[in-house]
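These notes are about the structure you will find just below.
The values are calculated or read from the model by the stated rules, or taken from the named source; none is laboratory data. What you see is a predicted model, and the numbers here were worked out from it, not measured in a lab. Ideal geometry is used to build each Cβ from the backbone, glycine not excepted, and the neighbour counts take in all protein chains shown. We work out accessible area using only protein heavy atoms, side chains counted, and drop any ligands, DNA or RNA first. Shrake-Rupley method; radii C 1.70, N 1.55, O 1.52, S 1.80 Å.
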Amino acid sequence: MSEIAAGTLFVLSLIVALALVHRPLGDYMYRVYTTPRHNRAERVAYRLLGVRADAEQSWGVYARGLLAFSLVSVLVVYGIQRLQDKLPLSLGMEPVTDHIAWNTAISFVTNTNWQAYSGESTMGHLTQMTALAVQNFVSAAVGMAVAIALVRGFSRRRSATIGNFWVDLVRGTLRILLPIAFAGALVLVAGGLIQNFSGVHEVTTLTGGTQSITGGPVASQEVIKELGTNGGGFYNANSAHPFENASTWTNWFEIFLILLIPFALPRTFGKMVGQVRQGHAILAVMGVLALGGVVLTNVFELSGNATVPQAVGAAMEGKEVRFGVSTSATFAAATTLTSTGAVNSFHDSYTPFGGMMPLVNMMLGEVAPGGAGAGLYGMLILAVITVFVAGLMVGRTPEYLGKKIGAREIKLASMYFLVTPILVLVGTAFAMGSAEQRASMLNTGPHGLSEVLYAFTSASSNNGSAFAGLTVNTPWYDVALGLCMVLGRFLPIILVLALAGSLAAQSPVPEGAGTLPTHRPQFVGLVVGVTVILVALTFLPALALGPIAEGLS
Amino acid sequence: MSTPVLDKPSAAKGSGRVGGGLLDPRQLATSLPDAVKKLNPVTLYRNPVMFIVEVGAVFTTVLAVLDPSFFAWAIVAWLWLTVLFANLAEAVAEGRGKAQAATLRKARTDTRARKLQDPADPGRWEAVRAPELRQGDYVIVEAGEVVPGDGDVVDGIASVDESAITGESAPVIRESGGDRSAVTGGTKVLSDRIIVKITQKPGESFIDRMIALVEGSNRQKTPNEIALNILLAALTVIFLVATVSMQPLAIYSKLVNPGVPDSLALDGNGVTGVVLVSLLVCLIPTTIGALLSAIGIAGMDRLVQRNVLAMSGRAVEAAGDVSTLLLDKTGTITLGNRQAAGFVPVEGVSEAELAEAAQLSSLADETPEGRSIVVFAKQRHGLRERGPGEPAHAEWVPFTAQTRMSGVNLDGREIRKGAATSVMTWVRESGGHGTDEVRRLVDEISAAGGTPLVVAEKGRVLGVIHLKDVVKQGMRERFDEMRRMGIRTVMITGDNPLTAKAIADEAGVDDFLAEATPEDKLALIKKEQEGGRLVAMTGDGTNDAPALAQSDVGVAMNTGTSAAKEAGNMVDLDSDPTKLIEIVEIGKQLLITRGALTTFSIANDLAKYFAIIPAMFAAVYPGLDALNVMRLAGPQSAILSAVIFNALVIVALIPLALRGVRYRPSSAAKLLSRNLYVYGLGGIIAPFIGIKLIDLLVQFLPGMS
């Protein structure tokens, strides 16, 4: 089978699988977040947390709970890393240095999973499991909680509250992420991933040199890394490492896990607002943008438009032979279209345009389908902006799902879509403006610029994938990227929750023939257009000096 | 209730119903001084987009002075023109109200009032200046005098010339008590004498408010305008960040390509200030930023042109959102008088015979019903209308409240028409007898919502005249349009449910409220609003005031009481209740124009990127010239062309902003498709063509390539 045919089949089979699963999973998540009943494990959790599970929260209380929880999480993750030599299962690792520990704590709590360290030579098993893996679960659950809170803003009428953060967090973790992760881990183990507590093995290689190979509970970590759109690998090589991603079909399964929850959430949204077709429209927008991203990445990589690929016949540099060009490209697209950031190949080595696509995918705002929860709320914000501009064109003050988009709503939505571009562009500008920071670049010229732009895009949009090539474990980058991660995660979340509160307080306007229909292909096309023109074009000057300049030279 | 107003030939039927004054090129010239005045940053800062452009213009001026080149000065000139054009749009929009304000000012001239000490004693008065009158003062106004302030007539009746306000030259009657007691300051009493109780506060007269409104002097931003401004400000911020943050990247790119010579666009310090500002100005939404306030002013102006005064811009916006329209039956949906619509003879009598008798009996009947019978007989049966005194020796029997019938005695014939019971009694008394057939016919007509008039000739019943409320022409089509727009129409009437239903069915309204009291009306509005619907209504009586105040768009008739005018948020000077429909359309048009130009403005960015980015960077990365899809002549020419296009498009769109985007009532989905096609797709394509055309000329200027 040719590479193109295989790649097409790979993508098609993913689409079919997701199409089959999104509905039952979406319906299941709808029940999880709307049922009034708590199960026994949850009641224990609430007692431990000391929260009243049946008390509804205003958006302010919800946000404060979320921020407090995240702050505590950062401190715990930081503490465990700094004290790991005094804790069991450290494999003899030193305490993590302070700036890397800060960067990593922020990175995992914000669902970014940017890794300024090399996993197997920095983190002991206990750190991996109690600090990092726990965050892989709860940071995803936090994102999902925010999305659900925003959806409640649309579905509730004249309500002062948007749900209970602790309930959403606990249910997301215990009822959604844990069961799927458990089943998924078994599949991955069956697929050849390792799951043990062994330490470092010294092996002698064929050439006679020695190599240290670290074992560990990889499969269990791998599954939540993908499912929770986290992306922080057990090993430095991430999903390119055979212990993390053994074969083409584990590769397929990992991409499936990445896309699973983000693509199912629109269904949950549709069910919660009582109009499944609204969920379909959002899903369609995500689908169109995602397919565009996947296809373009594949096209650029397969056409191999660069000197070396043309010389050797394929753009195989930085890619694993067991995956090949196409499925690596598909993985790269999936990981950047979501906020995952796991990699199975090195984006730095992609063809200029092929390497630009992961960047563009992130620049779209990671909404297609985006991170667990984060994708849905990002997409809903874009829908709100679209409704505002297009809604005027039908001669009414804009409304989405019966809720008026007035000054307050548009203020919050506008600020939301300002955050990431400002962080990316200002961060990149500072780095490129300083000769000292430019020294971290591996390459010079447009490619070096792409490395820096990629780093700030990845951090600010909480993706966590690296273009590679850029030396980022310097204090300046650790702090700068750490700030991007914190601000890029929590500012939008606060704005989204405020928007949820503002929407929930409204009484809905009934739908009529004069209402802008938001479930038709027309609207889908419109949101796609707004996303591309309003969001992605902001980055065009920067892209022109990076990958585009490189690609057109 | 309201004055019956005949269906006026609407000014703008057919295509683009909501028309509007076209832009007179002379207006551009006369508004120029105002546009220059508006360059003052103290006032301009309220428009964040244009303020940024002005800051950019100042900055580039400084740069051009320090490092002059033809290119730099050309950019500077066009940046200033961009700001000026934006101001011009606003000035032109405001200018159109100024003429009207001047006329109104004349009416406000300092009249002297005759203030009464005691309203019961019209003999004792003192002369005071009109502005000194307070609420609750009584004044006496006689023929030839100008009413000194807004108030209610408490004694007397007079004909008043209100043309100063309404533009309508026919005088109107104002009398104490009832719904026609309100008089407006500045209007002129033509006959008789009235005593007026002043209801306005000094300086807050209706005319004062009108002047302020048409001038747009104290115009407040409306909620949607505020929201749109926020979005535009956000876009401005994001493009500001995008352009400024590009600078270190540009410097670096220049640094790693040391062989590339400096140009007017890019040197060792990065992109030159002039070009950076050009890029910023092209990217930020200047088109909509420049025209936004003009759109708002023009929307109010369109209402003024239709003789509607909106007391708040908020109400105009709300009009676009209205989903329930409450319409009074009489005068709005029906012509207001019952008219003959059929002759139903009893068995054995021909229709022609009945028609002839009906006509004869009505010849002297001057009531609208009587006239309509004569007209109907002529139209339907070709019976000639006869003049006064014709036929000779007719003895007319006039209608009295006791007999409840009228008729004629002519050549021995005695014909009567009137209410069924009265005529039947008369028939029996004159030796005949009523039949069940007549009773059945009468009941049938009543059931259909009509009014039966029985016609009899001495001793026998001939048949029944069917009088009915006639629905105005074209109402059904308008209500169908409303329905397509998603607006529900509810007819309000004092009639019984049976009659109401018949008329509602005929007119094609969605619902009706029969035997309605003011309380019922208020309750209906509240019920609709609870469901999240916005309600519009018209009213003129004092008892309409609570409902007018409660409704989202309350249009008071100018003929109405001051309480009604105070309660509503719009006043219709023509007192035409059907105008509510036009008001809704104008509200929608206002919002559509904003949305369309915003879309256009944003869509424009695509082409501008393709013009400016290769112009800036093709020197360092020659490959980027591939992005120059328009094949513009050179970097300077490309940048200047984009800036010029950006400025000219503002001027080109001023007429559209003032006139409003064409609006045809249709469903939201259809409207959106059409507008997206024109302003979205058009907005993407137009600048590619425009910039290329400008470039074809500009490239011949010195120093352009």
Tell me, yes or no, whether segment B:183-203 has at least one residue that is in a helix (DSSP H, G or I) and acidic (Asp, Glu).
no
What number of residues within segment B:539-559 are within 17 Å of residue B:312 (Cα to Cα), modelled with pLDDT under 85 and surrounded by fewer than 22 Cβ atoms within 10 Å (Cβ to Cβ)?
0
I need the full set of residues from segment B:537-556 which are farther than 19 Å from residue B:210 by Cα and outside any loop (DSSP other than H, G, I, E, B), in order please.
B:537, B:538, B:539, B:542, B:543, B:544, B:545, B:546, B:547, B:548, B:549, B:550
Selected residue (only one of A:397, A:386 is open to solvent by 10 Å² or more (accessible area, probe 1.4 Å), under 25 Å from residue B:673 (Cα atoms) and either outside any strand (DSSP E or B) or at the interface with chain B (Cβ under 7 Å from one of its Cβ atoms) (or both))
A:397
Expected output for segment B:124-138 (first residue among the acidic types (Asp, Glu), partner open to solvent by less than 80 Å² (accessible area, probe 1.4 Å), Cβ below 6 Å, 6+ apart or cross-chain) is B:126/B:115; B:137/B:115; B:137/B:198
I need a count of the residues in segment A:241-260 that are more than 15 Å from the chain's Cα centre (by Cα) and open to solvent by less than 10 Å² (accessible area, probe 1.4 Å).
4
Restricting the search to segment B:204-258, which residues are within 13 Å of chain A (Cβ to nearest Cβ), of a type outside the set (S, T, N, Q) and outside any helix (DSSP H, G or I)?
B:221, B:256, B:258
Name the residues in segment B:398-416 that are among the polar types (S, T, N, Q) and not in a loop (DSSP other than H, G, I, E, B), would you?
B:406, B:409
Is there a residue in segment A:32-51 that is touching a Pro at 6+ places or on another chain (Cβ under 8 Å), assigned to a helix (DSSP H, G or I) and either among the hydrophobic types (A, V, I, L, M, F, W, C) or open to solvent by less than 60 Å² (accessible area, probe 1.4 Å) (or both)?
no
So which of B:32, B:39, B:66 is more than 29 Å from the chain's Cα centre (by Cα), touching a residue at least 24 places away in the same chain (Cβ under 8 Å) and surrounded by fewer than 18 Cβ atoms within 10 Å (Cβ to Cβ)?
B:39
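Among B:500, B:536, B:507, B:514, which is surrounded by fewer than 20 Cβ atoms within 10 Å (Cβ to Cβ) and of a type in the set (Gly, Ala, Ser)?
B:514
Quick one: how many residues across segment B:608-619 are surrounded by 22 or more Cβ atoms within 10 Å (Cβ to Cβ) and assigned to a loop (DSSP other than H, G, I, E, B)?
Result for segment B:608-619: 1.
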Filtered residue count, segment B:507-530, keeping only those that are farther than 19 Å from residue B:577 by Cα, of a type outside the set (A, V, I, L, M, F, W, C) and either away from chain A (no Cβ under 14 Å) or assigned to a strand (DSSP E or B) (or both):
3
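Residue by residue, here is whether (1) open to solvent by less than 10 Å² (accessible area, probe 1.4 Å); (2) away from chain B (no Cβ under 11 Å) holds:
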site	(1), (2)
A:433	no, no
A:445	yes, no
A:448	yes, no
A:453	yes, no
A:461	no, yes
A:480	no, yes
Of all residues in segment B:303-336 being within 23 Å of residue B:521 (Cα to Cα) and among the polar types (S, T, N, Q), the one that is nearest to the other protein chains (Cβ to nearest Cβ):
B:323
So residue B:559 passes all but one of these: (1) outside any loop (DSSP other than H, G, I, E, B); (2) away from chain A (no Cβ under 14 Å). Which condition number does it fail?
(1)
So which helices (runs of 4 or more DSSP H) are wholly in segment A:444-553 and hold at least 3 residues that are within 28 Å of residue A:145 (Cα to Cα)?
A:445-460, A:475-504, A:521-530
Might you let me know whether segment B:476-491 holds any residue that is under 22 Å from residue B:446 (Cβ atoms), out of contact with any helix residue (DSSP H, G or I) (no Cβ under 9 Å at 6 or more places or on another chain), free of Cβ contacts under 8 Å to residues at least 60 places away in the same chain and away from chain A (no Cβ under 13 Å)?
no
Among (1) in a helix (DSSP H, G or I); (2) in the same structural domain as residue A:446 (by TED's automatic domain parsing); (3) in contact with a helix residue (DSSP H, G or I) (Cβ under 7 Å, 6 or more places away or on another chain), residue A:334 falls short only on (2)
Among the numbered criteria (1) open to solvent by less than 40 Å² (accessible area, probe 1.4 Å); (2) touching a helix residue (DSSP H, G or I) at 6+ places or on another chain (Cβ under 7 Å); (3) under 19 Å from residue B:614 (Cα atoms), which one does residue B:256 miss?
(1)
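How many residues are open to solvent by less than 20 Å² (accessible area, probe 1.4 Å) and outside any helix (DSSP H, G or I) when one looks only at segment B:472-485?
Filtering segment B:472-485 for residues open to solvent by less than 20 Å² (accessible area, probe 1.4 Å) gives B:472, B:475, B:479, B:482, B:485.
Still in the list and also outside any helix (DSSP H, G or I): B:472, B:485.
Residues that pass the stated criteria total 2.
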Condition check: within 10 Å of chain B (Cβ to nearest Cβ), within 22 Å of the chain's Cα centre (by Cα) and of a type outside the set (S, T, N, Q). Does residue A:509 satisfy that?
no
Is there a residue in segment A:366-379 that is buried (at least 24 other Cβ atoms within 10 Å of the Cβ), among the β-branched types (Val, Ile, Thr) and under 16 Å from the mean Cα position of the chain (by Cα)?
yes
Strands (runs of 3 or more DSSP E) completely within segment B:122-169 that count 3 or more residues being open to solvent by 50 Å² or more (accessible area, probe 1.4 Å)
B:125-129, B:151-161
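Go through the residues of segment A:467-481 one by one and say whether even a single one is touching a residue at least 60 places away in the same chain (Cβ under 8 Å), touching a Gly at 6+ places or on another chain (Cβ under 6 Å) and farther than 19 Å from residue A:105 by Cβ.
no
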Against the condition part of a helix (DSSP H, G or I), open to solvent by 10 Å² or more (accessible area, probe 1.4 Å), in contact (Cβ under 8 Å) with a residue 40 or more places away in the chain and closer than 30 Å to residue A:212 by Cα, how does residue A:126 come out, does it pass?
yes
Taking the condition of being touching a residue at least 24 places away in the same chain (Cβ under 8 Å), touching a Ser or Thr at 6+ places or on another chain (Cβ under 7 Å) and open to solvent by less than 80 Å² (accessible area, probe 1.4 Å), how many residues in segment B:173-197 meet it?
5
